Amino acid sequence: MIYKDSKILLEVRGLCANVSGTEILKGLDLTVKSGEIHAIMGPNGSGKSTFSKILAGHSAYEVTGGTVMFEGQNLLDLAPEERARAGVFLAFQYPIEIPGVGNSQFLRLTYNTVQTHCGKEELDPLEFDDYVREKMKLLEMSPDFLERSVNEGFSGGEKKRNEILQMAMLDPRLAILDETDSGLDIDALRIVANGVNQLANKDNAIVLVTHYQRLLNYIVPDYVHVMEAGRIIKTGGKELALELESRGYDWVGVENKAAARATA
Amino acid sequence: MSATLQNLVNQPYKHGFVTSIESDVAPKGLNEDTIRMISAKKKEPEWLLEFRLKSYEAWLKMEEPAWPNVHYPKIDFQAISYYAAPKQKPKLKSMDEVDPELLRTFEKLGVPLHERMALAGVAVDVIFDSVSVATTYKDKLAEVGIIFCSMSEAVLDHPELVKKYLGTVIPSSDNFYAALNSAVFTDGSFCYIPKGVKCPMDLSTYFRINTEESGQFERTMIIAEEGSSVSYLEGCTAPAFSSNQLHAAVVELVALDNADIKYSTVQNWYAGDENGVGGIYNFVTKRGLAKGVNSRISWTQVETGSAITWKYPSCVLLGDNSVGEFYSVAVTNHYQQADTGTKMIHIGKNTRSTIVSKGISAGHSNNSYRGLVKIAPSATGARNYSQCDSMLVGHQSGAHTFPYIQVANNNSQVEHEASTSKIGEDQLFYFAQRGINAEAAVSMIINGFCKDVFQQLPMEFAVEATALLSFKLEGSVG
């Protein structure tokens, strides 16, 4: 929701980035204020997922220009774990499996690490168990989830729910959801969206990276951005997503070029 | 004592040592005289000298095994000193008589012979180079009839027991290194648990190589009489030298009817530096004979050290319904090489064995699991379950699995599972994105990977092993 006088959480200016020598981001601008939900849409290869990984600090990408400020500090100066502790959360498109590491043990370590960083008390295993089970209800997850290894043998839907569970636990300032809707059937999509909606509040912000409009029926964005060739080329309200759904992405680029010619 | 021998024994001590303690080091080289010298130094009975000389004769005719998946320059067995001992006071009555320099050494190694071990209630035998320097809790154990002492003492005080079992599980001609050990073994631990006694505390031996050009050839024996049980722990370290030291130990276990022996090792011999210079050659023969019905022998090992490890703690399941277990974690980093595993020889009826092996290779290291499951025609209804998992860290390490399965009857069951995984950048990024740094992530992944083995270790050892592994792999990822 857009709030009057809310603070700027994330400010991206002219961000350029390479992956193994190929330029993927070419001057991306984005401002996200607390309380807001943004959707970044765009065709495959437009740089959406790259953008989300760069915000989280993935080492495969080299930032070649621009700035990223998060709550007043230069995000690009921080190691990935420091970004996470500062409140940047990425729900992965393909959450990786970690065999042998128990989910509950992993969740507790991540929770306590972030808590400690914020100067708060750690939870002991019993307290944590209560805490996490409460959060799991939000996502209608079965308790045996905690007994399994992290993401190992999880279905696509279970992996995505596990991501949102972690978001619920860590209560980040900025959550970036990378294609969280992909691979979800309609029931799972509803559960996940419902969870995200309950987590959204006036102090945090959510950036949804998605290819399809479908998710936006459940999580209503305040802004929709269209990305193409490493830049945001159009920004609108939630109705822009519907227009994209019916007309595809091509017209945005054409219109954009025409506009550029007109101003030249 | 002959004149030559006198000269040998009285030679000036010409080596500098890491623990500066007055030492008694035999000149380099191996021949019959060396063996006679060792035997004489230990005031051994004639039959033991005979055993040694026979072993030496056998060894001369044997060749170094070439089949392990390890590579090293040929060892010059004449360039090794076969006896090194801190110059000993006649007999130690209590811990207070131990040379304070030695006590400090073990204190540094985290093996305080006084307080902590006393608190933990673990009886410790400490082997420094070739001799046992201290055994704690001896008297308390003696009250229930348990004999826990150095091998040298056992030979003198309980010759009938040593004679009855020595070489019965591992004949001196078993293999090249076992033969060498049988000829020149110096000390080690001896445990005897009488009928029906459950050993009230963990027994532990701590091995330390201190001398640069000496080999360590210890010999350990554990005899568990009918209905008895014992848990035994073994730890090893050595200082960092740029040369390689040879460690060729022999461990024999015998479990009689309904007896239970659990043998745990955390091996952390010096592994050489990051370029593969120096380190221990760890060529060890360990075997347990589950002789009686319903007996059980369980090996747990965490192998993190040594430049080269060649070791297959095995079980011969002779008694009906006997059980053999092998739980292993082997970690190699830099240029370390490990070829380790087990042999489960099923002879008795309804014998069961379990093998869980976890290999972790980092750096340029090479880690091989080699295991034999052999089911004899007589072992009807035998069962084996084997699980061999390898984990690769980085791009230049190697993991290999060599399982051998021989089944000679048609009503036994053998299962073998294997997997290979890798600690990848993406796993570490996932942890990082949740606020967890690389070290904590690696330690969590490794512990998860080794969980099945660590939970077999006695509590204190498990904590030590976990810390050791994290330290060992520090900086090898990412």
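The values are calculated or read from the model by the stated rules, or taken from the named source; none is laboratory data. If you're wondering where the values come from, they're calculated on a predicted model, not measured in any experiment. Cβ placement follows ideal geometry from the backbone for every residue including glycine, while neighbour counts extend to all protein chains displayed. These area figures cover heavy atoms from the full protein model, side chains too; ligands, DNA and RNA do not enter into them. Shrake-Rupley method; radii C 1.70, N 1.55, O 1.52, S 1.80 Å.
Just give me the residues in the range A:133-166 being open to solvent by less than 50 Å² (accessible area, probe 1.4 Å), more than 14 Å from chain B (Cβ to nearest Cβ) and of a type in the set (G, A, S), in sequence order.
A:G156, A:G157
Out of the residues in the range A:74-95 meeting the condition of being at the interface with chain B (Cβ under 9 Å from one of its Cβ atoms) and out of contact with any Lys or Arg (no Cβ under 9 Å at 6 or more places or on another chain), tell me which one is nearest to A:R13 (Cα to Cα).
Ranking the candidates gives A:R83 first.
For the range B:404-459, give me the residue count where each residue is in a helix (DSSP H, G or I) and within 14 Å of another protein chain (Cβ to nearest Cβ). Spell out the reasoning first.
Restricting attention to the range B:404-459, the residues satisfying the condition of being in a helix (DSSP H, G or I) are B:425-433, B:438-454, B:459.
Next cut, within 14 Å of another protein chain (Cβ to nearest Cβ) only: B:425-433, B:438-454.
Here the count works out to 26.
Okay, residues lined up against (1) farther than 21 Å from B:H364 by Cβ; (2) crowded, with 24+ Cβ neighbours inside 10 Å; (3) at pLDDT 95 or above:
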position: B:T237; (1), (2), (3): yes, no, no
position: B:S242; (1), (2), (3): no, no, no
position: B:V250; (1), (2), (3): yes, yes, yes
position: B:A259; (1), (2), (3): yes, yes, yes
position: B:Y270; (1), (2), (3): no, no, no
position: B:E274; (1), (2), (3): no, no, no
position: B:Y281; (1), (2), (3): no, no, no
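Are any residues in the range B:398-432 of a type in the set (A, V, I, L, M) and open to solvent by 40 Å² or more (accessible area, probe 1.4 Å), and if so, which ones?
Result: B:I405, B:V407, B:A408, B:V414, B:A418.
If you check B:A307, B:A408, which single one turns out to be small (G, A, S) and farther than 30 Å from B:E425 by Cβ?
B:A408
So which residues in the range A:32-68 are open to solvent by 10 Å² or more (accessible area, probe 1.4 Å), of a type in the set (A, V, I, L, M) and touching a residue at least 60 places away in the same chain (Cβ under 8 Å)?
The answer is A:I37, and nothing else.
Kindly check whether there is at least one residue in the range A:48-68 that is over 22 Å from A:T22 (Cβ atoms), part of a loop (DSSP other than H, G, I, E, B), facing chain B (nearest Cβ under 9 Å) and of a type outside the set (A, V, I, L, M, F, W, C).
No: the range A:48-68 contains no residue that is over 22 Å from A:T22 (Cβ atoms), part of a loop (DSSP other than H, G, I, E, B), facing chain B (nearest Cβ under 9 Å) and of a type outside the set (A, V, I, L, M, F, W, C).
Got a number for residues in the range A:103-128 being away from chain B (no Cβ under 14 Å), open to solvent by 50 Å² or more (accessible area, probe 1.4 Å) and closer than 28 Å to B:F449 by Cα?
Adding up the residues that qualify gives 4.
In the range A:185-213, which residues are under 15 Å from A:E140 (Cα atoms) and over 16 Å from the mean Cα position of the chain (by Cα)?
A:D185, A:I186, A:D187, A:A188, A:R190, A:I191
So that you can scan it fast, the table gives a plain yes or no per residue for (1) of a type in the set (D, E); (2) open to solvent by 40 Å² or more (accessible area, probe 1.4 Å):
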position: B:D24; (1), (2): yes, no
position: B:E32; (1), (2): yes, yes
position: B:I38; (1), (2): no, no
position: B:K41; (1), (2): no, yes
position: B:W47; (1), (2): no, yes
position: B:Y56; (1), (2): no, no
position: B:M62; (1), (2): no, yes
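Any idea which of (1) within 22 Å of B:G341 (Cβ to Cβ); (2) polar (S, T, N, Q); (3) open to solvent by 40 Å² or more (accessible area, probe 1.4 Å) is the one B:T380 doesn't satisfy?
(1)
So if I check each of A:A175, A:A188, which one is modelled with pLDDT under 95 and out of contact with any His (no Cβ under 7 Å at 6 or more places or on another chain)?
Going through A:A175, A:A188 in turn, the sole match is A:A188.
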